[in-house]
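Here is the structure we will look at.
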Amino acid sequence: MYCSACGKTITEDGRFCSYCGNVVGIPPTPKKLMRSRADRKIVGVCAGLAQYFDLDVSLVRILCFFLTLASGVCPGVVTYLLAWIIIPSEPELKPVVAVQQAVTS
Ligand SMILES: [Zn+2]
């Protein structure tokens, strides 16, 4: 494989050119915000946020609870309901191989 920026030969599995630092090959898929299936208490909004931001689920739930109280309950509840509608639910658990095939094909 060759670097598209400097033309030097790089390893097949390399993601960056070691000569100029250019990104080569397929870029990693960006993280998607999804409602968690495994960790849900209500509909998985907090667990999904925790997964996305790499935080502890309990911490996110406590934050949501206090933000809801601080906002006078109603805005927090409406935000949660909107998040429920907007954020897609995690797909059913599938074997990792099947998911990778679906992504690459
Ligand atoms: Zn290069």
If SER4 meets every condition in (1) away from the ligand (no atom under 16 Å from the Cβ); (2) small (Gly, Ala, Ser); (3) open to solvent by 80 Å² or more (accessible area, probe 1.4 Å) apart from one, which number is that one? (1)
Can you run down the residue pairs with Cβ atoms below 7 Å, 6 or more apart or on separate chains, where the first is in region 1-23 and free of Cβ contacts under 8 Å to residues at least 40 places away in the same chain and β-branched (Val, Ile, Thr) and the partner is within 6 Å of the ligand (Cβ to nearest atom) and open to solvent by less than 70 Å² (accessible area, probe 1.4 Å)? ILE10/CYS3; ILE10/CYS17
Looking for whichever is open to solvent by 90 Å² or more (accessible area, probe 1.4 Å) and part of a helix (DSSP H, G or I) here; the options are LEU67, LEU49. Which one fits? LEU67
Name every residue in region 1-49 that is in contact with a Ser or Thr (Cβ under 9 Å, 6 or more places away or on another chain) and of a type in the set (Phe, Trp, Tyr), in order of residue number. TYR2
Quick one: how many residues across region 70-105 are at pLDDT below 90, open to solvent by 90 Å² or more (accessible area, probe 1.4 Å) and assigned to a helix (DSSP H, G or I)? 6
Residue within region 15-26 that is surrounded by 12 or more Cβ atoms within 10 Å (Cβ to Cβ), at positive phi and part of a loop (DSSP other than H, G, I, E, B) present: yes
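The values are calculated or read from the model by the stated rules, or taken from the named source; none is laboratory data. If you're wondering where the values come from, they're calculated on a predicted model, not measured in any experiment. Don't worry about glycine lacking a Cβ; one is built from the backbone with ideal geometry, like all the others, and counts go over all protein chains shown. For the accessible areas, the whole protein counts, side chains as well, though only heavy atoms, and no ligand, DNA or RNA atoms are used. Shrake-Rupley method; radii C 1.70, N 1.55, O 1.52, S 1.80 Å.
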